[in-house]
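S.K.: Following this message is one structure expressed as structure tokens.
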Amino acid sequence: MKLEAIYHKPYSEFAFPIDPDTLVIRLRTAKNDINTCILIYHEKYDSTQRGKVKMDKVASDQMFDYYEVELNAGMKRIKYMFYLEDNYSIKWYSSDGFFDYMPQWGFFSYSYICKDDILQEVQWFRNSVIYQIFPDRFAKLPPDTSNSGNRTVHGGNIKGIIERFDYLVRLGVDAIYLNPIFKSESYHRYDVIDYYEIDPVFGNKRELKELIDLCHKNGIKVIFDGVLIIPGISFLFLEILLKRERNQNM
């Protein structure tokens with residue numbers, strides 16, 4: 001059994017609620033390595049309420065298999081571990097690691113199924129064709145807007161997307177995913193300095209509204225890459241914090 005490939009983490013894509021009574025639990029293993037995967041669980045504060053359920057292999061990629069179960073056990077607080085079999089061995093997998101016997105401690109824990117944690121799946125997204133656009137590289141209008149002295153800048157802009165919009169329609173896309181377009185100091189725009197302004201290299205708010213209206217008119221949704229957790233060094237509130245820190249060190 002390839003223990004190094006086995007992975008689980010509570011409160012992640014490997015353990016999350018989909019309704020007030022159902023917890024989705026997943027386990028990753030090496031590809032074609034496990035014959036049996038069983039979830040052993042009990043109420044967090046009452047180990048006498050113990051149950052077990054077989055987990056099904058629901059997906060595979062080049063390296064891993066993924067097992068899953070939708071656990072509806074009537075419990076809000078759950079502790080659990082995994083029982084695993086291959087052709088040669090048996091293992092119990094808990095938060096403390098791997099054991100040749102069932103340990104009494106070290107269960108994974110999902111402390112409480114909170115209403116605010118329940119996954120609200122966006123139904124239209126599941127079967128949609130989404131076209132990702134890196135604005136600087138997609139299309140430019142007029143053609144001389146690029147910075148010829150900077151090899152990383154190609155000059156793509158919002159007008160260029162509008163000009164090539166028929167191409168997106170012919171592809172039959174359901175949504176476009178725009179990489180960051182907010183005011184920034186880098187060509188990739190993943191260091192935003194103003195979330196209220198379109199980077200002038202790409203255009204302006206009027207042009208962006210024109211693109212959005214055009215998309216909606218053709219039944220195409222628009223997804224923005226918000227980059228809300230990675231502000232640039234010149235972001236206003238980051239500058240305030242840095243200035244405050246400098247003043248404290250004086």
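S.K.: Name, by its number, the condition in (1) closer than 24 Å to Cys114 by Cβ; (2) without any contact (Cβ under 8 Å) to a residue 40 or more places away in the chain; (3) surrounded by 13 or more Cβ atoms within 10 Å (Cβ to Cβ) that does not hold for Tyr45.
M.R.: Status for Tyr45: all satisfied but (3).
S.K.: Give the range 90-141 a look and list any residue that's in contact with a helix residue (DSSP H, G or I) (Cβ under 8 Å, 6 or more places away or on another chain) and under 30 Å from Val169 (Cα atoms), or say none.
M.R.: Val129, Tyr131, Ile133, Pro135, Phe138, Ala139, Lys140, Leu141, listed by residue number.
S.K.: Just one of (1) of a type in the set (Phe, Trp, Tyr); (2) closer than 30 Å to Ala73 by Cβ; (3) surrounded by fewer than 16 Cβ atoms within 10 Å (Cβ to Cβ) trips up Phe107, so point out which.
M.R.: That leaves (3) as the condition not met.
S.K.: Could you tell me which residue of the range 176-217 is surrounded by the most Cβ atoms within 10 Å (Cβ to Cβ), considering only residues that are among the hydrophobic types (A, V, I, L, M, F, W, C) and farther than 14 Å from Ile161 by Cα?
M.R.: Val192
S.K.: Also, I was wondering about something else. Mind checking which residues of the range 1-28 are part of a loop (DSSP other than H, G, I, E, B), under 25 Å from the mean Cα position of the chain (by Cα) and of a type in the set (A, V, I, L, M, F, W, C)?
M.R.: The answer is Ile6, Phe14.
S.K.: Among the residues of the range 110-128 satisfying the criterion of being polar (S, T, N, Q) and surrounded by 11 or more Cβ atoms within 10 Å (Cβ to Cβ), which is farthest from Glu70 (Cα to Cα)?
M.R.: Taking the candidates together, the pick is Ser128.
S.K.: Pick from the range 68-88 the residues that are at pLDDT 95 or above and surrounded by fewer than 16 Cβ atoms within 10 Å (Cβ to Cβ): which of them is nearest to Thr22 (Cα to Cα)?
M.R.: Going through the qualifying residues, I end up with Glu70.
S.K.: Return the residue satisfying two criteria in turn: it lies in the range 29-70 and is of a type in the set (Lys, Arg) and assigned to a loop (DSSP other than H, G, I, E, B), and of such residues it is nearest to Pro10 (Cα to Cα).
M.R.: The qualifying residue nearest to Pro10 (Cα to Cα) is Lys44.
S.K.: Going by what's in this entry, would Gly155 be described as surrounded by 15 or more Cβ atoms within 10 Å (Cβ to Cβ), more than 30 Å from Met75 (Cα to Cα) and out of contact with any Phe, Trp or Tyr (no Cβ under 7 Å at 6 or more places or on another chain)?
M.R.: In short, yes.
S.K.: One residue is enough: does the range 78-88 have a residue meeting the conditions without any contact (Cβ under 8 Å) to a residue 24 or more places away in the chain and either farther than 16 Å from Leu39 by Cβ or of a type outside the set (Lys, Arg) (or both)?
M.R.: No, every residue in the range 78-88 fails to be without any contact (Cβ under 8 Å) to a residue 24 or more places away in the chain and either farther than 16 Å from Leu39 by Cβ or of a type outside the set (Lys, Arg) (or both).
S.K.: Now for a different question. Of the residues Gln132, Gln104, only one is more than 30 Å from Phe165 (Cβ to Cβ) and either assigned to a helix (DSSP H, G or I) or not charged (D, E, K, R) (or both); which?
M.R.: From the options Gln132, Gln104, the qualifying one is Gln104.
The values are calculated or read from the model by the stated rules, or taken from the named source; none is laboratory data. Small disclaimer: the values here were computed from a predicted structure and weren't measured. Don't worry about glycine lacking a Cβ; one is built from the backbone with ideal geometry, like all the others, and counts go over all protein chains shown.
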